[in-house]
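Note sheet for the following structure.
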Amino acid sequence: MAEKKTVWTKKDMLGLEYLSKEEIELILYTAGSFKEVTTRQIKKVPALRGKTVVNLFYEPSTRTRTSFELAAKRLSADVVNIEIETSSVRKGETLIDTGRNIEALKIDIIVVRHNCSGAPNILAQNVKARVVNAGDGWHEHPTQALLDMFTLKSRLGHIDGLKVSIIGDIAHSRVARSNIWGLTKLGAKVTVCAPEMLIPDGIEKMGVRITTDINEALDDADAINVLRMQFERDGALAFPSKLEYFKKYGITAERLNKCKKNIVVMHPGPINRGVEMSSEVADGKNSVILEQVTNGIAVRMAVLYLVAYAKGVE
C-alpha cells in the first residue's frame, strides 16, 4: 500500500522500468479506490470531466483499448478512438505529426499502442499532452503488468516475497518485461521459463532466475503468468510446433495438481487454448484471467487520473 505522502510527479506513464517502487504502489493504491466504482450501480465519477482522452492504437487490440475507453468514460472524460487504417497515417503521416495534430485539437491525454519499441517515449518528448504507453513493440506493456500485480495482491494479500514464474514466449513479450520490472521492484522472486530460443540474451540482468524446465518453474511457485505464444511476431518461424510446445510447456490439470493448492494462474490474453494451457486450467478455480480483465479498468482509471493531475507538471 502506498504511503499518503507519495505523489505522482510524472507527465507521462511510459513503462515500469522508469518508475520507483513507491510510484508503482501509488498506482495500485489508487486503483484500489477506483475498483469500488466498478461495483456501483452507476459506474462513473467526475474526476476527468472536461478532459479528452485519445486512444491512438497502431496495432489491433480488444481488451486493452476497450479497457482504456471504459476507464476514461467512467472518469467522465470524453473519448476519441482513432482508427489507424482510416487515418492520415495511411498517407504517410509520422507519429510525431499525428501526435501534434491531435494535440492541436486541445486534447489532454494520448493513450498509444505502437509496434515499434520506444514510440510512446518519442511521442511524449514531442507533445505537451500526457502520454500513456498501452504497449510498444517488444519493450513494455506497463498497464498490463500493473493489473497483473493488482490481481495478485487482491488474491494473495501481498507481493513482497512471492515466487512468480513467467512462462512462454519471453523473447517477444512486452508483458514479461513490464512484469519483471514491477514484480522485482515490489520484492517478488521471479523465474522465467521457456524454450532456450525464446529466452532473450541478458534477461538475467533484470534479476530473474532462468529455466527451460517447466517442472522447475512450477515447483513452489505462488503464481504463474502464462504468456501467449506470439506466432505473428516471429518471421523466422523459430517456434516448436503447437503440439510439441503444449506437451513440453503447456499448463495442464495434471501439472497444476502437483503445484501449491492455491497457486494463482494468470494470462494476459488472448489465450491459445491447447497451446499455452488447457481449457480445464483456463476455466478452473485457480484461474484469475477474467479477474485480470475486470481489474484492468480500475488500474487504467488510476493511471489516467494520476497523469492528468501530476504535481508540478504544467
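Of note:
- Qualifying positions in segment 258-277 - loosely packed, with under 15 Cβ neighbours inside 10 Å, in contact (Cβ under 8 Å) with a residue 24 or more places away in the chain and among the charged types (D, E, K, R): 258
- Any hit, segment 175-197, residues being surrounded by fewer than 18 Cβ atoms within 10 Å (Cβ to Cβ), at pLDDT below 95 and farther than 29 Å from residue 69 by Cβ: yes
- Checklist (1) of a type in the set (Lys, Arg); (2) without any contact (Cβ under 8 Å) to a residue 12 or more places away in the chain; (3) assigned to a loop (DSSP other than H, G, I, E, B) applied to residue 228, failing item: (2)
- For segment 69-76, the count of residues that are among the basic types (Lys, Arg), touching a strand residue (DSSP E or B) at 6+ places or on another chain (Cβ under 9 Å) and buried (at least 19 other Cβ atoms within 10 Å of the Cβ) is zero.
- Among (1) more than 21 Å from the chain's Cα centre (by Cα); (2) at positive phi - the single one residue 118 does not satisfy: (1)
- Counting only residues that are among the small types (Gly, Ala, Ser) and in a helix (DSSP H, G or I), segment 129-158 holds 2 of them.
- Counted residues, segment 169-214 - those being of a type in the set (A, V, I, L, M, F, W, C), under 13 Å from residue 225 (Cβ atoms) and in contact with a strand residue (DSSP E or B) (Cβ under 6 Å, 6 or more places away or on another chain): 9
- Within segment 120-143, being surrounded by fewer than 24 Cβ atoms within 10 Å (Cβ to Cβ), among the polar types (S, T, N, Q) and in contact (Cβ under 8 Å) with a residue 24 or more places away in the chain holds for 121, 126.
- Screening segment 278-314 for residues that are in a helix (DSSP H, G or I) and without any contact (Cβ under 8 Å) to a residue 40 or more places away in the chain and picking the one that is surrounded by the most Cβ atoms within 10 Å (Cβ to Cβ) gives 281.
Rundown of residues vs (1) basic (Lys, Arg); (2) more than 20 Å from residue 19 (Cα to Cα), yes/no style:
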| residue | (1), (2) |
| --- | --- |
| 153 | yes, no |
| 157 | no, yes |
| 168 | no, yes |
| 173 | no, no |
| 180 | no, no |
| 183 | no, no |
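- Filter pass, residue 43 being assigned by TED's automatic domain parsing to the domain that holds residue 127, of a type in the set (Lys, Arg) and closer than 19 Å to residue 81 by Cβ: no
- Unmet requirement for residue 169, which otherwise passes all of (1) in the same structural domain as residue 270 (by TED's automatic domain parsing); (2) without any contact (Cβ under 8 Å) to a residue 60 or more places away in the chain: (2)
Residue by residue, here is whether (1) touching a Pro at 6+ places or on another chain (Cβ under 6 Å); (2) of a type in the set (Ser, Thr, Tyr); (3) under 22 Å from residue 182 (Cα atoms) holds:
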site: 33; (1), (2), (3): no, yes, yes
site: 66; (1), (2), (3): no, yes, no
site: 97; (1), (2), (3): no, no, no
site: 100; (1), (2), (3): no, no, no
site: 111; (1), (2), (3): no, no, yes
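The values are calculated or read from the model by the stated rules, or taken from the named source; none is laboratory data. Predicted model only: the values in this text are computed from it and were never measured. Cβ atoms come from the backbone with ideal geometry, glycine included; neighbour counts cover every protein chain shown.
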